[in-house]
Amino acid sequence: MASCKILVACANGAGTSLMMKMTAERVTKKLGMNVSDIHHCAISEAVSSAKQYDIVFAPLNFVNMYDDAAKAGVTVLGLRNVLSDAEMEQKLTESGATEKYAG
């Protein structure tokens, strides 16, 4: 069974990304995903380290900054509402990540 590493990023890497991390923890647990690590940080750090992760969550307006990571096989998911459990769950399901990293 494969486990995944998830990166969540916001503009400054402080409050919002920490709340995104907590959302990701809830959602991946609910979906039964095997997650080895969830890291939160600022967009500037995330863009340079994204290739080290399997899944990246970022605000929708920053998704294009991760084009290189996406080309390298990273699942990059943009969120309209970065704190929405329902949206995060939907994006993970639609991307196939829930099946790929089933626990």
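One residue stands out in region 56-89 among those that are under 13 Å from the mean Cα position of the chain (by Cα) and acidic (Asp, Glu): the one that is surrounded by the most Cβ atoms within 10 Å (Cβ to Cβ), namely 87. Considering region 31-55, and only residues there that are small (Gly, Ala, Ser) and under 12 Å from the mean Cα position of the chain (by Cα), the residue that is nearest to residue 103 (Cα to Cα) turns out to be 50.
Would you mind finding the one in 30, 91, 5, 51 that is out of contact with any helix residue (DSSP H, G or I) (no Cβ under 8 Å at 6 or more places or on another chain) and either modelled with pLDDT of 95 or more or aromatic (Phe, Trp, Tyr) (or both)?
91
Can you find even one residue in region 90-101 that is surrounded by 13 or more Cβ atoms within 10 Å (Cβ to Cβ) and acidic (Asp, Glu)? For region 90-101, residues surrounded by 13 or more Cβ atoms within 10 Å (Cβ to Cβ) and acidic (Asp, Glu): absent. Annotation note: of 44, 17, the sole residue that is surrounded by fewer than 17 Cβ atoms within 10 Å (Cβ to Cβ), over 15 Å from residue 3 (Cα atoms) and at pLDDT below 95 is 44.
Does residue 28 satisfy the condition of being hydroxyl-bearing (Ser, Thr, Tyr) and either closer than 22 Å to residue 102 by Cβ or surrounded by fewer than 14 Cβ atoms within 10 Å (Cβ to Cβ) (or both)? Judged against the criteria, residue 28 is a match.
Find all pairs meeting these conditions: Cβ atoms under 6 angstrom apart; at least six residues apart or on different chains; first residue within region 42-62 and outside any helix (DSSP H, G or I); second residue aromatic (Phe, Trp, Tyr). Every condition considered, the pairs that remain are 56/66.
The values are calculated or read from the model by the stated rules, or taken from the named source; none is laboratory data. Note that the structure is predicted; figures quoted are calculated from it, not measured. Heads up, the Cβs are rebuilt from the backbone with ideal geometry, glycines too, and the neighbour counts pull from every protein chain shown.
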